[in-house]
Amino acid sequence: MNEPTGLAVTSDHRDTAGSSEEPPPDQTLAPAEVAGRSPTQLAWRRFRRDRTGVISGAVVLLFFLAGLGAPVIAALYGKDPYTTYGQNQPGLLNEFGYPAKPNGGIDGQFWLGLEPSLGRDVFTQLLYGIRTSLLISLAVVLIITTLGVLIGVVAGYTGRWVDFGVGRVIDVVLSFPSTLFFIAFIPVIQSLFVPPDQETPTWLRATTVILVLSAFGWAQIARLMRGQVLSLREREYIEAARIAGAGPGRIIRAELLPNLWTPILVSVSMTVPTYVTTEAALSFLGVGMVEPTPDWGRMIHRGAEVYSADLSYMLAPGLAMLVFVIAFNLLGDSVRDALDPRAHR
Amino acid sequence: MLRFLVRRVLGAVLILFVISAVTFFLFFALPSDPARLSCGKGCTPELLATIHHNLGIDRPLPEQYWSFLTGIFAGRDFDGQWCSAPCLGFSFVNHQPVLDTLLNRFPATLSVALGAAALMLTVGVGLGLIAALRRGKTVDKVSMAACLVGASVQIYFFGIIARYLLVDELQWLPQPGYTSPFAAPGAWFGGMVLPWITLTVVNAATYARYTRSSMVDTLGEDYVRTARAKGLSSWGVYIRHAWRGAMTPVVTTFGIDLGLFLGGALITETTFNIHGIGKLAVDSVANSDLPMIMGTVLVAATAMVLASIAVDACYAVIDPRVRLR
């Protein structure tokens, strides 16, 4: 089955050795200021000229900084995501448990309002929610990229029965109905580690989510890498290296990997938002993060229960996620254009 | 063609076999004990053993899996209760036959899937075509920006906002839900509109992008130029020639999406509380209802592999350069 990956990686980079010394084509007209530029520098120059890319990059960076600095910001703001302000302080919530002030109780004290019934602060929940989302999705992306590249490259380079076997395993993994498997397996895997009568600690929940997402996620990248390696290994420079006596380890490390960085980076920038939303979807379905861990998906889950009385509680995490995903997708497009200008449409 | 079908169907059966085995062993081998749930508070070891025996989970695992498999093809006996040929067992929770529940829930899933698939294909391909033909113009930019937002928004967020606005505030639509189209076509349509719209908004972007970029590519191909040179009108070229070549990635994505929807659109069905296969799966997981989970997994996996075969067969129809092996 020939699945379009949407990555448009038709790249044939031969910039392994030597090309860093040769001047880029658009510079040859003005030899006076020629200074050797590495492909990385060129890509960076292209990226900086792309206004959409820079702005979306800044937005993404802002989210990362907010996640990293969450304790500092929360300390300056003077609240935390766990205290039930609305219950401790009379007058904040009305008799039905909804924020007394309009728009979900937004005011100078509670910047994004209060959570219905429990009366926790929305802004700090959102802030700490970034940490949960990014921690889980980055861990998953790191694991699946490492695994996927390793498996894909080895299968593509070795060929023969290894490639055949890996190809069939990838086929099977990709035909698993993944969302259903995530929600079905996460509780099962958790019960492996924790006896049924005990509370599952938060770190273990996160680990389980990461493990299960990774167990299915590597196949996509492995397939992509395998395809790349299949076309790369027939190139002259690989043949030259082989004739010069390089072993498979060296060829993969020194000849193949440098040419795979572009598809790897592009794939990373495309998968991070996917896993941010997948993690949120799992919490929305009730198998990811649970009370009281601050998490966007869990907030939307709660928000969906009370949406008709207080829509604002779900607007905050929903919009934050929308902005983050849009910015990250735009950033991904710009990264691809910068690394691989020929794939530009 | 026949050889291709036989080969692929055999492959599909193999994949389903692997998936069912993996699911079975993961669930039944692990220490999550469904008997403990139905046993309740005053549970004694004897009572637990009885429940184990009644559920059939006191026997060795391979034996259990074997009777599960033979049950699908030949039916099986559950302590005097006969479960006929395609037997998937009985639910641990309400003790109904799993197959009956699945068949009962399937029309809702089918309604969501077919309607949403038709709508998102029309909207997505339409947007992509218009954008490709008006490349670089305002229409192109606006529709591609809309696609970016659509592709980035989440079903559970968009769906609830849309429900709040269209159902609760403006009251343009009735509450989403499934009613039989044969009993009350109007109510069926009204209840399905919101899920259809939501799935379209979230998924149409992919189709629009693929259609746009492959149309732009194919419009530059030699055979399109030749068709033009023969004196064909631009619309004739677009429809008869360029469109056909541009359809391959769209067909691939459509097949995968339709396969996913037919296996139960989990998030959509949960968001709108539609009692289809997807909602059944989510509920069964919450109740540790293992036979029911097995059933939904099998339905979803079957839909996926069948869709992938259909996609490959479609390639040959669309693109004469593809030959099936």
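3J(HN,Hα) along region B:253-269: 5, 4, x, 5, 5, 4, x, 5, 5, 5, x, x, 7, 3, 6, 4, 5 Hz, from the Karplus curve 6.51 cos²θ - 1.76 cosθ + 1.60 with θ = phi - 60°, whole Hz, x for Gly and Pro. Under a model in which nothing but the beta-carbon of Lys, Arg (+1) and Asp, Glu (-1) is charged, region A:27-162 shows a dipole of about 740 debye around its Cα centre.
Averaged per residue, what accessible area in Å² does the protein assembly as shown show with a 1.4 Å probe, protein chains only?
In whole numbers, the protein assembly as shown has 48 Å² accessible per residue.
For n ≥ 4 DSSP H runs only, could you compute -39500 (n - 2.57) per run for chain B, divide by its residues and tell me the 222 nm figure to the nearest 500?
Numbers: 13 runs with 226 residues, N = 325.
Only helices count here, giving -23500 deg cm²/dmol.
Evaluating 6.51 cos²θ - 1.76 cosθ + 1.60 at θ = phi - 60° for every residue in region B:142-151, the Karplus couplings come out as 5, 5, 6, 5, 4, 5, 4, 5, x, 6 Hz, glycine and proline recorded as x. Amide H contacts of residue A:93: A:100, each under 5 Å away and 5 or more positions distant or on a separate chain (H built 1.01 Å from N in the peptide plane; Pro and chain starts excluded).
So, R0 is 35 Å and r is the distance between the beta-carbons of residue B:22 and residue B:100; what FRET efficiency does that work out to, to 0.05? The partial results should precede the final answer.
Numbers: r = 25 Å, r/R0 = 0.72.
Step by step, r from the Cβ atoms, then E = 0.90.
Under the classification rounded if a/c is under 1.5, otherwise prolate if a/b is larger than b/c and oblate if not, where does region A:122-339 fall, given a ≥ b ≥ c as square roots of the Cα gyration tensor eigenvalues? Taking the square roots of the gyration eigenvalues as a ≥ b ≥ c, region A:122-339 is prolate. Shape class for region A:183-306: prolate, because the ratio a/c of the largest to smallest gyration tensor axis (alpha-carbon atoms, square roots of eigenvalues) is 1.5 or more and a/b beats b/c.
Once the C-beta distance of residue B:77 and residue B:226 is scaled by a Förster radius of 56 Å, the resulting FRET efficiency is 0.25 to the nearest 0.05. Ranking A:276, B:216, A:315 by Cα position along the charge dipole of the protein assembly as shown, where only Lys, Arg, Asp and Glu carry charges on their C-beta atoms, puts B:216 farthest toward the positive end.
With the charge dipole of region A:81-214 set up from +1 on Lys and Arg Cβ and -1 on Asp and Glu Cβ about the Cα centre, the Cα lying farthest toward the positive end among the listed residues A:213, A:175, A:84 is that of A:175. Directionally averaged projected area (chain B, Cα convex hull): 22.0 nm². Set against the 2.2 N^0.38 Å expectation for a compact globular protein, the protein assembly as shown has a Cα radius of gyration ratio of 1.04.
Here the Karplus relation 6.51 cos²θ - 1.76 cosθ + 1.60, evaluated at θ = phi - 60°, turns the backbone of region A:172-185 into coupling constants of 5, 4, 6, 8, 5, x, 5, 4, 4, 5, 4, 5, 6, 8 Hz, with x for every Gly and Pro. Amide hydrogen proximity for residue B:90: with H placed 1.01 Å from N in the peptide plane, the residues at 5 or more positions away or on another chain lying under 5 Å are B:98.
Its alpha carbons considered, region B:65-222 gives a radius of gyration followed by a Dmax of 22.2, 71 Å.
What average number of partner chain Cβ atoms lie no more than 10 Å from the Cβ of the residues making up B:150-163?
6
Amide H contacts of residue B:75: B:87, each under 5 Å away and 5 or more positions distant or on a separate chain (H built 1.01 Å from N in the peptide plane; Pro and chain starts excluded).
Would you mind working out the magnitude of the charge dipole of chain A relative to its Cα centre, with +1 at each Lys and Arg C-beta and -1 at each Asp and Glu C-beta, to the nearest 20 Debye?
640 debye
Measuring max minus min along each principal axis, the C-alpha atoms of region A:71-140 give extents of 43, 24, 20 Å (largest first). The B and A chains share an interface that buries close to 3900 Å² of accessible area, total over both sides, probe 1.4 Å.
Computed on protein heavy atoms with a 1.4 Å probe, the accessible areas place B:189, B:261 in the order B:189, B:261, largest first.
The values are calculated or read from the model by the stated rules, or taken from the named source; none is laboratory data. Nothing here was measured: the structure is a model prediction, and the numbers come from that model. Positions of Cβ are generated from backbone atoms using ideal geometry, with glycine treated the same way; all protein chains shown enter the neighbour counts. These area figures cover heavy atoms from the full protein model, side chains too; ligands, DNA and RNA do not enter into them. Shrake-Rupley method; radii C 1.70, N 1.55, O 1.52, S 1.80 Å.
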